[in-house]
Amino acid sequence: MNTVAESIYQAARSLASHSDSPRLDAELLLGKILGLSRAGLIARSNERVSGEYQKSFAGLIEERRRGTPVAYLTGTREFWSLALRVTPAVLVPRPETEILVDLALQRLPEDQESTVLDLGTGSGAIALAIAAERPLSKVTGIDVSAAALEVARQNAQDLRLTRIEWRLGSWFAPVHGQRFNMIVANPPYIAAADPALEKLTAEPAIALCDGPTGLEALSAIAAGAAAHLRPHGWLLLEHGSGQGADVARLLQSHGFSSVRSHPDFSGKLRVTLGTLHSPP
């Protein structure tokens, strides 16, 4: 029987050509099997891993080699220090999306009630992070997938965040006639022919791609946002690293001002926002 340290080392070598973080993946997956944190794995690095656990671990490593995201294999993902349930019905929350949350929080006062709409909420990551940081705010999360909304509801229940309403439908359809202080969205923005999709086949296609250019969902949201924002309300959109200029033009064409694109951790423009002083 291998020790914990040996098991991690061998699994990481096996994943080296299949993952950008093979050792971390191995640690998370073995931790899932043994019920240990990464710190717990270090503390027990010289202990033997039984044959039954080794077999289960090998199965998870093989699934990871085939491209299944670690979050689907463990069933959880940390986002904004929140432990979220994740299933193949939703996108795996990315660190880059925390930039959108941070920019949203900068524009939501802590001591006032605000209304926030999260379009394409998926696991609820953005909505839940905002609700956790701004408890006076009322957040509405919308998704076209009933399975995704069920994951979001479970996450809200786990986190005991009650000022969130979940609605099923496409973009603004479920909130006809309603206006919000802020609209946020991380919509599908990958172009249909983008080779990046080949590495994301385990995740729901509907949350990744909405058309040939990758701008279709972003354009639809920008066009419909004005009718659902209160005066001086904000629209914040996450987008692809090469779409900042296009999304900025979209917002400007629909009457938004103070339009600005913000970079992600690698310096690539990732979130574009703007405000609407006098909505129609």
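What follows draws every value from the coordinates through simple rules; no lab data is involved. Only a predicted model underlies this, so the values are computations on that prediction, with no experimental measurement involved. Using ideal geometry, Cβ is built from the backbone for each residue, glycine included, and neighbour counts are taken over all protein chains shown.
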From the phi angles alone, apply the Karplus equation (6.51, -1.76, 1.60; θ = phi - 60°) to region 35-41 and give each ³J(HN,Hα) in whole Hz, x where the residue is Gly or Pro.
x, 10, 6, 4, 5, x, 5
Mind listing the long-range amide H neighbours of residue 166? Cut-off is under 5 Å, sequence gap 5 or more, other chains count too, H placed in the peptide plane at 1.01 Å from N.
141
Nearest 10, in degrees from 0 to 90: the angle of helix 244-253 to the longest Cα principal axis of the chain is 30
Between helix 97-106 and the chain, what is the angle of the helix's C-alpha long axis to the longest principal axis, kept within 0 to 90° and rounded to the nearest 10?
40
Would you list, by chain and number, the lysines whose Cα falls below 25 Å from the Cα of residue 268, excluding same-chain residues fewer than 8 positions away?
199
Which whole-Hz couplings ³J(HN,Hα) result when phi for each residue of region 185-195 is put into the Karplus expression 6.51 cos²θ - 1.76 cosθ + 1.60, θ = phi - 60°, listed in order with x for Gly and Pro?
7, 10, x, x, 9, 8, 5, 4, 8, 5, x
Order 117-128, 240-251 from most to least packed using the mean count of other Cβ atoms within 10 Å.
117-128, 240-251
Can you check what the net charge comes to around residue 170, using other residues whose Cβ is under 13 Å from the Cβ of residue 170 (Lys, Arg +1; Asp, Glu -1)?
-2
Before rounding to the nearest 500, sum -39500 (n - 2.57) across all DSSP H runs of length at least 4 in the chain and divide by the residue total; then give [θ] at 222 nm in deg cm²/dmol.
-11000 deg cm²/dmol
Excluding residues fewer than 8 positions from residue 55 in its own chain, the aspartates and glutamates with Cα under 17 Å of it are 6, 25, 27, 47, 63
Helix 22-34 versus the longest principal axis of the chain: what is the Cα-based angle in degrees, 0 to 90, to the nearest 10?
70
In cubic angstrom, how much convex hull volume per residue do the alpha carbon atoms of region 119-276 span?
118
Note, region 201-207: 3J(HN,Hα) by Karplus (6.51, -1.76, 1.60, θ = phi - 60°), whole Hz, Gly/Pro = x, goes 5, 6, 9, x, 4, 4, 8
Placed amide H near residue 2: partners under 5 Å, 5+ positions off or other chain
49
Rule-of-thumb check for region 113-160: C-alpha Rg over 2.2 N^0.38 Å?
1.04
Region 32-106 shape via C-alpha gyration tensor axes, a/c threshold 1.5:
oblate
Rg/Rh ratio calculated on Cα atoms of the chain (Kirkwood radius):
1.02
Quick one: net charge of residue 243's neighbours, Cβ under 11 Å, K/R +1, D/E -1?
+1
Quick check on region 77-276: of the DSSP beta bridges with both residues there, what percent are antiparallel, nearest 5%?
40
Would you please classify the overall shape of region 1-159 from the alpha carbon gyration tensor, given that a ≥ b ≥ c denote the square roots of the eigenvalues, rounded means a/c under 1.5, and beyond that prolate means a/b larger than b/c while oblate covers the rest?
prolate
